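All remarks here apply to the structure that follows.
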Amino acid sequence: MLKLNDISISFGEKQVLKKVSFEIQSGEILGVLGNNGVGKTTLFEIIAQWKRNFSGELFLEEEKLQRKDVVYLEAKPQFYSRITGKEHLDLFKVKYPNFDYEEWNKVFQLPLNDLVDHYSTGMKKRLALMMLLSSDAPIILLDEPFIGLDVEASFDLDKIILSLKEKGKIILIASHTISSLQKLCDSIYHFANGEIANVFHKDAFDTLDNYAEDFFKNDHQKTLDKLL
Ligand SMILES: Nc1ncnc2c1ncn2[C@@H]1O[C@H](COP(=O)(O)OP(=O)(O)OP(=O)(O)O)[C@@H](O)[C@H]1O
């Protein structure tokens, strides 16, 4: 179980997360939904232990959460520019020697001998996913995992995520695509104003579309309607 206790973070005057607390069990997939800038990436960076300037506590099975417990697929994965896909994977192979990336590349179909600089957005996402899959960390954070993937790769990713769930991983997915979250998640948290504004469990997912339509309607819609 991953447990977050009273996680808060501010940037200057702006408090982005306000005493956020929740728990996720092994084998559970949690969807994180919220407007641009609400703090989804910040939350993931805190769980991945990339941030120091926050308050609150994180536990995995009652032990303090450690960096090695988490793998994180960033919305825009970063790579070393001057090395190939294969060389990136070789770096991971040192740590995870059992990962058979040649076999996995039959699924991901990357030109592994090309420089990553020459990869398309979707190819970079696939490479980042392969690197993530080579790890055996119990917690997996996926920030906008479907953006940039073609239809076939998106189907593959659905299947991969569900198989990781079966293996007992704790998975968090941040996405603006409600249908992807509905398809995969056990529950979906809607974040607003630094807090969990609403929690939807699977049996209430059919109410999410109407809720989102009402919630995300905002004042500037009137301006937009006028402009159009
Ligand atoms: N290092 C930083 N310095 C100052 N402000 C920051 C920093 N990192 C994030 N923020 C601010 O924190 C807020 C939350 O940002 P975050 O990237 O977590 O949002 P998000 O929910 O992931 O947004 P999006 O949907 O656009 O990806 C934003 O207002 C952002 O400007």
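Just so it is clear, none of the values below were taken in a lab; they were calculated from the coordinates. Everything quoted here is computed from the prediction, not taken from an experiment.
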Row for segment 135-199, column shape: gyration tensor on C-alpha, a ≥ b ≥ c, rounded if a/c < 1.5 i.e. under 1.5, prolate if a/b over b/c, else oblate; value oblate
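May I ask which of LYS14/LYS125; LYS64/LYS125; LYS86/LYS167; LYS124/LYS217; LYS86/LYS124 have a Cα-Cα span longer than 22 Å here? Kindly include the intermediate steps, with their values, before the conclusion.
Numbers: LYS14/LYS125 31 Å; LYS64/LYS125 30 Å; LYS86/LYS167 27 Å; LYS124/LYS217 34 Å; LYS86/LYS124 12 Å.
Correct reply: LYS14/LYS125; LYS64/LYS125; LYS86/LYS167; LYS124/LYS217.
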Per the chain, sqrt(5λ) over the Cα gyration tensor eigenvalues, sorted largest first, in Å, gives 30, 22, 18
By the Cα gyration tensor axes a ≥ b ≥ c (a/c under 1.5 gives rounded; else a/b larger than b/c gives prolate, otherwise oblate), the shape of segment 69-178 is oblate
The ³J(HN,Hα) series, computed from each phi in segment 68-83 with the Karplus coefficients 6.51, -1.76 and 1.60 at θ = phi - 60°, rounded to the nearest Hz and given as x for glycine or proline, is 5, 6, 10, 10, 9, 8, 6, 4, 10, x, 9, 9, 5, 7, 9, 10
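What relative contact order, as a whole-number percentage, does segment 1-114 give when Cα pairs under 8 Å and 6 or more residues apart are counted?
Once divided by the residue count of segment 1-114, the mean separation gives 23 percent.
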For LYS76, the aspartates and glutamates lying under 14 Å Cα to Cα, once residues fewer than eight places off in the same chain are dropped, come out as GLU45, ASP117, ASP143, GLU144
